[in-house]
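Since the structure comes first, as C-alpha cells, the remarks are kept for the end.
The values are calculated or read from the model by the stated rules, or taken from the named source; none is laboratory data. On a predicted model such as this, the values are computed, not experimentally measured, just so you know. Here the Cβ positions follow ideal geometry from the backbone for every residue, glycine too, while neighbour counts run over all protein chains shown.
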Amino acid sequence: MTAPTPQTFTVAADQGQKTIAALLRVWLPGESWAQVRRLIESRRVKINGELWLDDARRLSEGDTVELLTKPAPKPQIIDSIVIRHIDTHIVVVEKPSGISTVRHPSERNWEEPRRLLVPTLDDLVLRQTGGNFPKKGQGSGKQRLRIVQRLDKGTSGLIVFARTVDAERGLGLQFAKHRVHRRYLALVRGRLEGLTIRSHLLRDRGDGRRGTGPAVISGKDAVTHVEVAERLGGYTLVHCRLETGRTHQIRIHLAETGHPVCGEAVYNRQNGGEAIPDLSGCPRLFLHAAELGFQHPVTTEQMNWDMPLPPELREFLESVRKPDA
C-alpha cells in the first residue's frame, strides 16, 4: 500500500455515526478493509487529536481525523493506578495525565479486549479492584464504578468514584451543594493576580469553543477562586479552588483572563482574539488536582487527601525556577 501524505478529514453531516474504518475507505478510495484496519492498528490515525486504535469507533459530525505518514510512538503502558483509599462504597485514586476519566456511554458494553485498546481510568480501576467487564452476550458487568466527578484527559490528580448507589447519591449531593474541597495547581503564562472568577459558561461562546457568554443564553454559572502560590519570572504558579465544577472550568477561566495554563492547546486565546503563544516548553498541560476532601457519603467521616506534582511537572517547575530559565 502506498504511504499516504499527511491528510486531515472532517466528518460531514451525512457521515455521522459511521465507523472510522468505513470513513477511511471513503476518504482513501481503492484501499481495502484490511488496509484501512492496518492503518489504525499501526498507530497512524488520530481522532480529534488523539491516537485511536479501535476500527469500530463511530464518529460524529465535525470530528476531525488525521492520517499520519508514520506510526505514532507507542503510548505509555499504565500497569496500575495508585489507589489512595478503597472501601465498600468509594475508591479514591491518583489519575495520570493522558488518560480519559470515563468511557463514552455508547462504549460501556464493550468487552475487555476492546476496552484495553484504548483504556480509560474507570476501566483500569475496575479491573484492578476486581470488577467485571461485560461478557459477550451478557450486557453490563455485575459491578461498575459510578461517576461523580471527572478530570480532563490532560489533567492529573485525585479523583473519587462511587461503588454503590448510596455513595453515588451522597457524593452527588455534596458536589451539587459545593461541599467537596478541590484544589488544583496550575502554572500560567504571565503575571496573574489572585482573584475570584465568576462567569456563565457556554458550550460554544461563538467561536466554536466552550467559554464565557451572557447569562441570558443557556449555560451554567461557574466560580473559580485563584490564589498566587509563587511568581516565577514570566509565569505564575497558582492554586485554583473550585466552587463549581463545570467542564474545563479552570482552563477556560484562566485563559479568558489572558493567562492560559502552560501546555494549553485548546483554550489558549481570549474570545475572538489571536492565540497566545506558549513558549514555555511545558511537556503537557500544567494542571494538577492536588487536594480532595469530602464527608464519607455513608459513614459521614471527614476525609482528605493531597497528592504532590507528578515527576514531569515537578521537573519542569524546577527548570522554570532556575535563574537562567
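Table for the structure above
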read-out	value
Filter result for the condition that a residue is of a type in the set (Ser, Thr, Tyr), farther than 23 Å from Leu117 by Cα and touching a residue at least 40 places away in the same chain (Cβ under 8 Å), over Thr64, Thr10	Thr10
Top-ranked residue in region 265-314 [being at pLDDT 95 or above and of a type in the set (Val, Ile, Thr); ranked as surrounded by the most Cβ atoms within 10 Å (Cβ to Cβ)]	Val298
Residue within region 105-120 that is at pLDDT 90 or above and closer than 30 Å to Leu23 by Cα present	no
Unique match (being modelled with pLDDT of 95 or more and hydrophobic (A, V, I, L, M, F, W, C)) among Ala176, Ala162	Ala162
Subset of region 19-61 that is in a helix (DSSP H, G or I) and without any contact (Cβ under 8 Å) to a residue 12 or more places away in the chain - its residue that is farthest from Val266 (Cα to Cα)	Ala34
Scan of region 223-251 for residues that are in contact with an Asp or Glu (Cβ under 7 Å, 6 or more places away or on another chain) and among the charged types (D, E, K, R), ordered by number	Arg251
Qualifying residue in region 307-325 (condition: in contact with a helix residue (DSSP H, G or I) (Cβ under 7 Å, 6 or more places away or on another chain), over 22 Å from Arg84 (Cβ atoms) and touching a residue at least 12 places away in the same chain (Cβ under 8 Å))	yes
Subset of region 221-257 that is in contact with a Gly (Cβ under 7 Å, 6 or more places away or on another chain) and not in a strand (DSSP E or B) - its residue that is surrounded by the fewest Cβ atoms within 10 Å (Cβ to Cβ)	Gly234
Pairs with Cβ under 7 Å, 6+ apart, first in region 176-201 and more than 13 Å from His253 (Cα to Cα), second of a type in the set (A, V, I, L, M, F, W, C) and at pLDDT below 90	Arg189/Ile276
Residue within region 268-275 that is of a type in the set (Lys, Arg) and within 21 Å of Gly98 (Cβ to Cβ) present	no
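Residues are listed down the side, and each one gets a yes or a no for (1) at pLDDT below 95; (2) under 20 Å from the mean Cα position of the chain (by Cα); (3) of a type in the set (Lys, Arg); (4) loosely packed, with under 12 Cβ neighbours inside 10 Å:
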site	(1), (2), (3), (4)
Glu61	yes, no, no, no
Thr64	yes, yes, no, no
Gln76	yes, yes, no, yes
Ser100	yes, yes, no, no
Arg103	yes, yes, yes, no
